[in-house]
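Before any comments, here is the structure.
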Amino acid sequence: MTRICKVLDCGAPAASRYSPHCHRHKSVLRRQGDPDQTAIRVTELAPFVRLVRRRVARNPDSPLWEHLEGRWRGIAEEARAGAFSAVWSRHERAAAAEVMNIDADCPAREIVVVALAMFILWRERPARLRSDRAFRLQLARRVRALSGRHSGLRYDHQTGTQKRVYREMTPKAGAILGHKLALAFGGAGLQLAMLEERERERARQTAEDINQAIKELK
Ligand SMILES: [Zn+2]
């Protein structure tokens, strides 16, 4: 008997005897961290990036940003130290290579802003992320997208033209990177998300008080 893909309403046969998913959902699981997860696009993250930038602009002298940048620099230093280490697994070395590419292309501040924005998105749209694992992979993918080094040109012998090819991050390297980013920025990210919520609630309360006061005018 052929097994059916575990994803509800999919109905396609499982990719193999050992796979709970069909070929398509198996591939989505690898790329996105969950068979039901779709990529968080840069446009979708943009409003949350704006929230973080506004918070930074309102608190330019806060030591928080420097601390968080320091955490990224720590990740980058660790990557440089271990990238060619024989004791690291090949997945750890692949994750280190990703970190070094991002670090070479992008200021620490940008990495911090995008990581914090991802935590605010998660808090505000919890249903958008299917699992913790999916969140960490999406976090890794958005931060990685800050580097331009994952696309390159390849010569196509059939057409005699150059083609732009996209180099995928391996799922294991993505999981390692996502885990490092979550450890470094998760605490601050979730606190910032709660601060946004409290401010919105205060603004809503003020608007309500004003409306009520207007109703009561004689
Ligand atoms: Zn399926």
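The values are calculated or read from the model by the stated rules, or taken from the named source; none is laboratory data. All values reported here derive from a predicted model rather than from experimental measurement. Quick reminder, even Gly has a Cβ in these numbers, built from the backbone with ideal geometry, and neighbours come from all protein chains shown. For accessibility, only protein heavy atoms count, side chains too; no ligands or nucleic acids. Shrake-Rupley method; radii C 1.70, N 1.55, O 1.52, S 1.80 Å.
Of note:
- Selected from 116, 129, 183 as most flexible by GNM, with the chain as the system and alpha-carbon contacts under 10 Å: 183
- For segment 1-45, with +1 on Lys and Arg beta carbons and -1 on Asp and Glu, the positive-most of 8, 19, 40 along the dipole: 19
- Nearest-0.05 FRET efficiency for residue 73 and residue 202, computed from C-beta distance (R0 30 Å): 0.30
- Once the C-beta distance of residue 194 and residue 43 is scaled by a Förster radius of 22 Å, the resulting FRET efficiency is 0.35 to the nearest 0.05.
- Segment 71-212 - percent of accessible surface contributed by carbon and sulfur, probe 1.4 Å: 52 percent
- Accessible area expressed per residue, segment 37-202, with surrounding protein chains retained (probe 1.4 Å, Å²): 55 Å²
- The Cys residues in the chain with no partner Cys Cβ within less than 4.7 Å of their Cβ are 106.
- Annotation: amide H-H contacts under 5 Å for residue 4 (H modelled 1.01 Å from N, sequence separation of 5 or more, or interchain): 14.
- Ordered by 1.4 Å accessible area with all protein chains kept, 21, 179, 91 run largest first as 179, 91, 21.
- Highest GNM mean-square fluctuation among 163, 180, 172, for the chain modelled with Cα contacts below 10 Å: 163.
- Note on the chain: with a GNM built from Cα contacts shorter than 10 Å, the maximum mean-square fluctuation among 85, 16, 27 falls on 16.
- C-alpha long axis of helix 132-144 to longest principal axis of the chain, angle in °: 90 degrees
- The value for segment 1-40 of Rg(Cα) / (2.2 N^0.38 Å) is 1.10.
- Computed from phi, the 3J(HN,Hα) profile of segment 203-218 under the Karplus parametrisation 6.51, -1.76, 1.60 (θ = phi - 60°) reads 5, 5, 4, 4, 4, 5, 4, 5, 4, 4, 4, 5, 4, 8, 5, 9 Hz, with x in place of Gly and Pro.
- Approximating the spin labels as points 7 Å out from Cα along Cα→Cβ, the residue 59-to-residue 150 distance works out to 2.9 nm.
- Averaging Cα coordinates gives a centre for segment 129-168 and one for segment 54-122; these two points are 18 Å apart.
- If R0 is 35 Å, the Cβ-Cβ spacing of residue 110 and residue 218 corresponds to a FRET efficiency of close to 0.05.
- Given charges at beta-carbon only (K, R positive; D, E negative), |dipole| of the chain in Debye: 740 debye
- List 118, 169, ordered by accessible area with a 1.4 Å probe, largest first: 169, 118
- With the simple spin-label model, which puts each label point 7 Å out from Cα in the Cβ direction, the residue 100 to residue 16 separation comes to 3.2 nm.
- Calculated SAXS-style log₁₀ I(q)/I(0) at q = 0.09, 0.12, 0.13, 0.16 Å⁻¹ - the chain, Debye, Cα scatterers: -0.48, -0.77, -0.86, -1.13
- Longest segment of the chain lacking GluC sites (Glu not before Pro) that sit in a DSSP loop with at most 14 other Cβ atoms within 10 Å: 1-167
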